[in-house]
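The values are calculated or read from the model by the stated rules, or taken from the named source; none is laboratory data. Because the structure is predicted, anything quoted here is derived from the model rather than measured. Note that we place each Cβ from the backbone using ideal geometry, even for glycine, and neighbour counts take in every protein chain shown. Please note that ligands, DNA and RNA were not included when accessible areas were found on the heavy atoms of the full protein model with its side chains. Shrake-Rupley method; radii C 1.70, N 1.55, O 1.52, S 1.80 Å.
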Amino acid sequence: MRNEHVTAVVLAAGASTRFGGVKQRILLEPVLERVRESSVGEVIVVLGAHDVEVSARAVHCPGWERGRGASLRCGLRALDEEVVAAIVVLADGPDLNPAAIDRVLHVWQESGAEVVAATYEGNRGHPVLLARPVWERVPDEGARSLPALLVPCDDLGPPGDVDFADDVPERFKPPAAE
């Protein structure tokens, strides 16, 4: 069942300098597919350094260079007034499990916490849910500094973090030319 008052904000604004190319072209659509398998009502993608075609509503963040939080605030400002919470997802996490989104969402619905974050092996990660009251408190460096209710998601596996071309899972690499 879809939660129409919760929107996923997928951060895809970075320059991908360590990657050596535009990693959003490889990783963004698989992440969007996984987000759509969850119960969030809508998805919005925040772009910045690279304009890439996406199969979701997109917003360009002119201040993306100030940090992940600046990009996140751009996405949050673009959400409809009816949206009460945002699920934050990174575009370079191709192993994101849709069940992690739903688990974080469920814990938020039960607890009413303003910030709810998945953990993997005790480490805070994504997805992260931000209730509307904290949106204006997101600093340029991102939401990690905001205290969060932590939700263990070890059984679901971490979403991954592709920073270098060598980190791309084999299933996303083009076949080798013969």
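Conditions tested, residue by residue: (1) over 28 Å from S111 (Cα atoms); (2) surrounded by fewer than 18 Cβ atoms within 10 Å (Cβ to Cβ); (3) modelled with pLDDT under 90; (4) among the basic types (K, R).
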{"position": "D51", "(1), (2), (3), (4)": "yes, yes, yes, no"}
{"position": "A58", "(1), (2), (3), (4)": "yes, no, no, no"}
{"position": "E65", "(1), (2), (3), (4)": "yes, yes, yes, no"}
{"position": "S71", "(1), (2), (3), (4)": "no, no, no, no"}
{"position": "G75", "(1), (2), (3), (4)": "no, no, no, no"}
{"position": "E81", "(1), (2), (3), (4)": "no, yes, no, no"}
{"position": "I87", "(1), (2), (3), (4)": "no, no, no, no"}
{"position": "A91", "(1), (2), (3), (4)": "no, no, yes, no"}
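Quick check, is D102 within 17 Å of R2 (Cα to Cα), surrounded by fewer than 22 Cβ atoms within 10 Å (Cβ to Cβ) and at pLDDT below 95? Steps first, answer last, please.
Working: within 17 Å of R2 (Cα to Cα): yes; surrounded by fewer than 22 Cβ atoms within 10 Å (Cβ to Cβ): yes; at pLDDT below 95: no.
When the stated conditions are applied, D102 does not pass them.
Just need a number here: residues in the stretch 36-49 that are out of contact with any strand residue (DSSP E or B) (no Cβ under 8 Å at 6 or more places or on another chain) and at pLDDT 90 or above. Write out each step before concluding.
Kept after step one, since they are out of contact with any strand residue (DSSP E or B) (no Cβ under 8 Å at 6 or more places or on another chain), are these residues of the stretch 36-49: 37, 49.
Subset that is at pLDDT 90 or above: 37.
Of the residues in that region, 1 qualify.
Considering only the stretch 25-113, give the strands (runs of 3 or more DSSP E) lying wholly within it that have at least 2 residues that are closer than 19 Å to V134 by Cα. Lay out the reasoning, then the answer.
Numbers: elements: 40-47, 57-60, 85-90.
Hits in the stretch 25-113: 40-47, 85-90.
Screening V128 against (1) closer than 20 Å to D155 by Cα; (2) of a type in the set (A, V, I, L, M, F, W, C); (3) touching a Pro at 6+ places or on another chain (Cβ under 8 Å) leaves a single unmet condition, (3).
For first residues located in the stretch 33-45 and of a type in the set (G, A, S), partners that are open to solvent by less than 20 Å² (accessible area, probe 1.4 Å) and lie 6+ apart or on another chain with Cβ distances below 6 Å form the pairs S38/P98; S38/I101; G41/V6. Residue-level check: of (1) touching a Cys at 6+ places or on another chain (Cβ under 6 Å); (2) surrounded by fewer than 19 Cβ atoms within 10 Å (Cβ to Cβ), A118 misses just (2). Taken over the stretch 6-35, the residue count meeting the criterion of being surrounded by 15 or more Cβ atoms within 10 Å (Cβ to Cβ) and at pLDDT 85 or above is 12.
H126 falls short on exactly one of the conditions (1) in contact (Cβ under 8 Å) with a residue 12 or more places away in the chain; (2) assigned to a loop (DSSP other than H, G, I, E, B); (3) within 20 Å of P30 (Cβ to Cβ); (4) open to solvent by 20 Å² or more (accessible area, probe 1.4 Å), and that condition is (2).
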